[in-house]
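Notes follow the structure.
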Amino acid sequence: MRVCLIQLAYDDDESLAERTRRVAGLVREQAGADLVVLPELWSAGGFSYREWPERSQDVRGEVAQALAAAAADAGVWLHGGSIAERPDSGETGPEGKSLWNTSLVFSPSGELLATYRKIHRFGFAGGEPKLMEAGTDLVFLDAVGLRAGLSTCYDLRFPELYRAQLDQGATAFVIPAAWPMARLDAWRLLLRARAVENQCLVLGCNTAGTHAGTQMAGHSAVVAPTGEVLAEAGDDQEVLRVDFDVDTIAAFRQDFPVLADRRL
Ligand SMILES: O=C(O)CCC(=O)C(=O)O
């Protein structure tokens, strides 16, 4: 299986239409890959809270349509990162808001096959808890020989989410992010921790560049279930390409059966 993580860099100057065209072009360039992953909230701006209302969209809106077309043209499974989701239906959540941080997954024919609403909202009294609803459901991408649990950025700090995904058969985790440079060490540590403790392949696709006054950490990474970092990006925009034999996940779990020793 070939995976491509598109570590996108952006600043505050690019319009939504320009960025969407640029990202769709980058996805098309990955034809030949099996799975392509984009970062969290690239269309809305991870830390651009004030832009979110204006840049929010339905899961079948213009950003999703551009991603669907790019996935189909490239013939790849596409985890399109997340959007600031405002449903056209007018749906509101339990807190009365109509905004979620929602990841979109497309098949190689461009069909929207899964959406995941970020469960743990980042920002304490501001940002996501103030503006967005929390997701509630575990969501998986079953493709290319993987059962990949979906999560987003701050979710990475909550190991019980990944255990719950493991208990539902996860062999991998796909984690788009807009993780800041100020906490790069935690990002690198937690990606490896989630891989080692769950014996899962981890695909962490972060953002690069500086927007809304916040420098992003980059350092997207592919981490094997052993904890070995198979590839890691630098600080700038970069596409990380890794070939991985998915059969090695089951083989490693059999050779080193830690998960069988859990005491519940
Ligand atoms: O947990 C962190 O340090 C960063 C989280 C974050 O930036 C996010 O969830 O958007």
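The values are calculated or read from the model by the stated rules, or taken from the named source; none is laboratory data. None of the values given here were measured: they were computed from a predicted structure. Cβ sites come from the backbone with ideal geometry, for glycine too, and all protein chains shown count toward neighbours. Just the protein is used for accessible areas: all its heavy atoms, side chains included, with ligands, DNA and RNA removed. Shrake-Rupley method; radii C 1.70, N 1.55, O 1.52, S 1.80 Å.
Tell me, what is the percent relative contact order of the chain, built from C-alpha pairs under 8 Å that lie six or more residues apart?
Working: 621 pairs, mean separation 52.8, N = 264.
After rounding, I find 20 percent.
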(Q) Could you derive backbone 3J(HN,Hα) for region 87-101 from the dihedral phi with the Karplus parameters 6.51, -1.76 and 1.60 (θ = phi - 60°), listing whole Hz in sequence and x where the residue is Gly or Pro? (A) x, 4, 5, x, 3, 10, x, x, 8, x, 9, 10, 9, 10, 9
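Quick one: work out the % antiparallel among DSSP beta bridges in the chain, nearest 5. Each step should come with its number before you reach the end.
Values: 30 of 47 bridges.
Among the beta bridges of the chain, antiparallel pairing accounts for roughly 65 percent.
What FRET efficiency comes out for Asp185 versus Ala125 if R0 is 22 angstrom and r is the Cβ-Cβ distance? Round to the nearest 0.05. The partial results should precede the final answer.
Values: r = 25 Å, r/R0 = 1.12.
Between Asp185 and Ala125 the formula returns 0.35.
Mind checking the dipole of the chain: about its Cα centre, +1 per Lys or Arg Cβ, -1 per Asp or Glu Cβ, Debye to the nearest 20?
Numbers: 25 positive and 37 negative charges, 105 e Å.
For the chain, the charge dipole is close to 500 debye.
Figure the gain on full extension for Glu232 and Ser89 (residue separation times 0.36 nm, minus the Cα-Cα span) and round it to one decimal in nm. Walk me through the numbers before you get to the answer.
On the way: separation 143, 0.36 × 143 = 51.48 nm, distance 4.00 nm.
Fully extending the segment from Glu232 to Ser89 adds 47.5 nm.
Need one word for region 48-167: rounded, prolate or oblate. Basis is the Cα gyration tensor (sqrt eigenvalues a ≥ b ≥ c); a/c below 1.5 gives rounded, then a/b vs b/c decides.
Values: a/c = 2.11, a/b = 1.18, b/c = 1.79.
Here region 48-167 falls in the oblate category.
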Q) Residue by residue, what Karplus-based ³J(HN,Hα) values in Hz, rounded to whole numbers, does region 116-133 have, using 6.51, -1.76 and 1.60 with θ = phi - 60° and x for Gly and Pro? A) 10, 8, 3, 7, 9, 8, 9, x, 6, 7, x, x, 5, x, 6, 9, 10, 8
Q: Multiply the residue gap between Arg2 and Val246 by 0.36 nm, knock off their C-alpha separation, and tell me the result in nm, one decimal place.
A: 86.8 nm
**Q.** Under 5 Å, built H, 5+ apart or other chain: amide partners of Val59
**A.** Asp88
Q. To the nearest 10 square angstrom, how much accessible area does Glu91 have with a 1.4 angstrom probe?
A. 70
Q: Could you work out how far the C-alpha centroid of region 52-72 sits from that of region 147-188, in angstrom?
A: 23
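With a 1.4 Å probe and every protein chain left in place, work out the accessible area per residue of region 82-187 in Å², rounded to a whole number. Could the numbers behind the result be given before it?
Working: 4020 Å² over 106 residues.
On a per-residue basis, 38 Å².
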Q) When each pair of different Cα atoms in region 158-264 is counted once in the 1/r mean, what is the Kirkwood radius in angstroms, to one decimal? A) 14.5
Q: Please report, as a whole percent, how much of the solvent-accessible surface of the chain comes from carbon and sulfur atoms (probe radius 1.4 Å).
A: 49
